[in-house]
Amino acid sequence: MPIARARGLPVLSRLLRALALAIAVATVLTVTARTRADVDLWGHLRFGLDLVQTGGLETLDRYSFTSDRPWVNHEWLSEIAIALAWKTAGTPGLIFLKLACIFGALALMASAVGEQGVTGRPRILLLGLTFVGILPRVAQVRPQIFSVVLFATLVRLIVRSDRGSSRPLLWTIPALTMWANLHGGWLVGLGTVGLACAGKAWDGRRTRPAIRAVGPLLIAALAAAATLINPYGIGLWAFMIETVRFGREGIGEWGPIWLEPSSMIVWPMFAALVLAALWASVCRPTGQRLRDDHGLEDHSRRQNAVRLAIPVLLGAAALRVNRLDTFFALSAIGFLAGPLASLLSRRRVPSRALPPSWTLGAAAAALVLVLSVPVSRAAFTCIGIHPTWPESRVVEMMRERHLLGRVVTFFDWGEYAIWNMPAGLKVSMDGRRETVYSERTVHNHLQLYLGTDSGLSYLHDLKADYVWLPSKLPVVDVLVRRGWHASFDGPRSVLLSNLSPAEGALTASDSRTPATATGSTKRCFPGP
């Protein structure tokens, strides 16, 4: 081969790799940027803006007329972050906040995987699997995105501590302090740290037990104590013990995996990976030692059993509560990267890769991103409102008439109503559930939606002025027969009034649904 052609091949190869990487990055950015409004996003933003404005937490709820318990806002720090992102850049600010958490988690996992000697194609494949595992829980802007990045932080610290020193585990203390004020997922994080520290103590009992065993256990105790640094102190623990339990299948994410389509894809895939990794690291004959990318002996067989048990336990828990599937995926990749990499790559020592060209990579990325702007622009500027959401016209009518009083709301629509309805209306139910409502109040609303005798009796006791519910709920026809009249009747929602027009109800002309109320055009957060 001529020398000129031989010299040209590395440049061409680098260019092709840079273009492939740029296309992959642009694709991932566009996919992850596409966001649909979560049912609680309106509330998180509203409450976060209130916190920024007042500078303090409220224990008395001013948005609902049925709240019957002190407000434990355990996600207050997340709501401040959401509010600041909104005040800074509006909708793009919220989307970039989500992207920062996603790519922060991926970067931490890349570091954790690399810490175990996994490089090259196996590392890329493991990161791709990580992306698939976290995507269902980070598709929306919600406090759970902070749990994802913080759990990835814990995985990175635990893997780092495998070098022998327990010092990296000290960073779990400030991580859990922050986590306890961001999202309730800190319970999973604390359990993971506790198990990892127990395994570290057990592994270090052979040498200098006074230091090697007591140190990790002390770190676990300090990490648990750190979660008490929150506005509610020990009250946060009491609240979490009361609310984090089985029996909440009415909320899709708290049900078993077979009730959630995305979990039915993620959980079996990672369960198979965990079983394969455990076989590779535990069940292979001793003579079949693996070697890492540097030709060094792979010590994945020597990982303590407690740490190997973390993904197994999280997998079992996710089988019952599907919202834990992301933690299951992160723990599987992070703690079993070595054996997984050995299964994903046939070659023990991969050939030397060409060094990356940052100039070519930057140029290729810029070109791809510029070309993809027309396609991906909407993904970065619009948080879509689901087509099944109530019609925008009904909210506009409420504002035009400056309605006052009490409105019975559907569970999913409560925080949308808090943001969009006039200030003179208070809701009966919203997505905060146990943070402001007792279990009895939640149960009574479910009975009301079904139109049972106890639910109708509860509605009578509420002395509500309006009922704003999905048109297909059983209670709607019952209320119409009992004399409630439709102030608005749309294909998706109906606003029933118990007031006469003279007392402030909407007129018959107001109740007619115009063509624009059917939601044929795309709607973006915050609406109406």
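The values are calculated or read from the model by the stated rules, or taken from the named source; none is laboratory data. All values reported here derive from a predicted model rather than from experimental measurement. All Cβ positions, even for glycine, are placed from backbone atoms using ideal geometry, and neighbour counts span all protein chains on display.
Filter segment 32-75 down to the residues that are within 22 Å of the chain's Cα centre (by Cα) and among the β-branched types (Val, Ile, Thr) and list them by number.
Within segment 32-75, 32, 35, 39, 72 meet the criteria.
Among the residues of segment 457-475, count how many are without any contact (Cβ under 8 Å) to a residue 24 or more places away in the chain and surrounded by fewer than 19 Cβ atoms within 10 Å (Cβ to Cβ). Write out each step before concluding.
Taking segment 457-475 and keeping what is without any contact (Cβ under 8 Å) to a residue 24 or more places away in the chain, we get 457-458, 460-461, 471-472.
Checking which are surrounded by fewer than 19 Cβ atoms within 10 Å (Cβ to Cβ) leaves us with 457, 460-461, 471-472.
The number of residues fulfilling the criteria is 5.
Have a look at 57, 19 and point out the one that is out of contact with any strand residue (DSSP E or B) (no Cβ under 6 Å at 6 or more places or on another chain), at pLDDT below 90, outside the structural domain of residue 184 (by TED's automatic domain parsing) and closer than 23 Å to residue 239 by Cα.
Working: 19 fails: closer than 23 Å to residue 239 by Cα.
Unique residue meeting the criteria: 57.
Can you tell me which of 149, 132, 113, 138 is closer than 14 Å to residue 330 by Cα, surrounded by fewer than 20 Cβ atoms within 10 Å (Cβ to Cβ) and aliphatic (A, V, I, L, M)? Steps first, please.
Values: 149 fails: surrounded by fewer than 20 Cβ atoms within 10 Å (Cβ to Cβ); 113 fails: surrounded by fewer than 20 Cβ atoms within 10 Å (Cβ to Cβ); 138 fails: surrounded by fewer than 20 Cβ atoms within 10 Å (Cβ to Cβ).
Checking each option against the conditions leaves just 132.
Please find, among 376, 357, 351, 392, the residue that is loosely packed, with under 14 Cβ neighbours inside 10 Å, at pLDDT below 95 and of a type in the set (Ser, Thr, Tyr). First the steps, then the outcome.
Details: 376 fails: loosely packed, with under 14 Cβ neighbours inside 10 Å; 357 fails: loosely packed, with under 14 Cβ neighbours inside 10 Å; 392 fails: loosely packed, with under 14 Cβ neighbours inside 10 Å.
Answer to the check: 351.
Listed here are the residues, each with its yes/no results for (1) under 19 Å from residue 63 (Cα atoms); (2) surrounded by fewer than 19 Cβ atoms within 10 Å (Cβ to Cβ).
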residue: 386; (1), (2): no, yes
residue: 414; (1), (2): yes, no
residue: 425; (1), (2): yes, no
residue: 431; (1), (2): yes, no
residue: 442; (1), (2): yes, yes
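So which of 133, 128 ends up being free of Cβ contacts under 8 Å to residues at least 12 places away in the same chain, under 21 Å from the mean Cα position of the chain (by Cα), part of a helix (DSSP H, G or I) and in the same structural domain as residue 172 (by TED's automatic domain parsing)?
Values: 133 fails: free of Cβ contacts under 8 Å to residues at least 12 places away in the same chain.
Every option except 128 fails the conditions.
Inside segment 24-53, can you point out the residues that are of a type in the set (Asp, Glu) and outside any loop (DSSP other than H, G, I, E, B)?
If the condition is that a residue be of a type in the set (Asp, Glu) and outside any loop (DSSP other than H, G, I, E, B), then 50 is the only one that fits.
If you scan segment 374-422, which residues turn out to be polar (S, T, N, Q), more than 23 Å from residue 66 (Cα to Cα) and assigned to a helix (DSSP H, G or I)?
Residues of segment 374-422 that are polar (S, T, N, Q), as a first pass: 376, 381, 388, 392, 409, 420.
Checking which are more than 23 Å from residue 66 (Cα to Cα) leaves us with 376, 381, 388, 392.
Selection gives 376, 381, 392.
So residue 66 clears everything in (1) in a helix (DSSP H, G or I); (2) outside the structural domain of residue 153 (by TED's automatic domain parsing) except one condition, right? Which one?
Of everything listed in (1) in a helix (DSSP H, G or I); (2) outside the structural domain of residue 153 (by TED's automatic domain parsing), residue 66 misses just condition (1).
Being among the β-branched types (Val, Ile, Thr) and either at pLDDT below 55 or farther than 17 Å from residue 126 by Cα (or both) is the filter here; which residues of segment 259-302 pass it? Full working, then the answer.
From segment 259-302, those among the β-branched types (Val, Ile, Thr) are 265-266, 274, 282, 286; that's our starting set.
Scanning segment 259-302 gives 282, 286.
Check segment 197-213 and report whether any residue there is surrounded by 16 or more Cβ atoms within 10 Å (Cβ to Cβ), over 19 Å from residue 145 (Cβ atoms) and modelled with pLDDT of 95 or more.
Taking every residue of segment 197-213 in turn, none turns out to be surrounded by 16 or more Cβ atoms within 10 Å (Cβ to Cβ), over 19 Å from residue 145 (Cβ atoms) and modelled with pLDDT of 95 or more.
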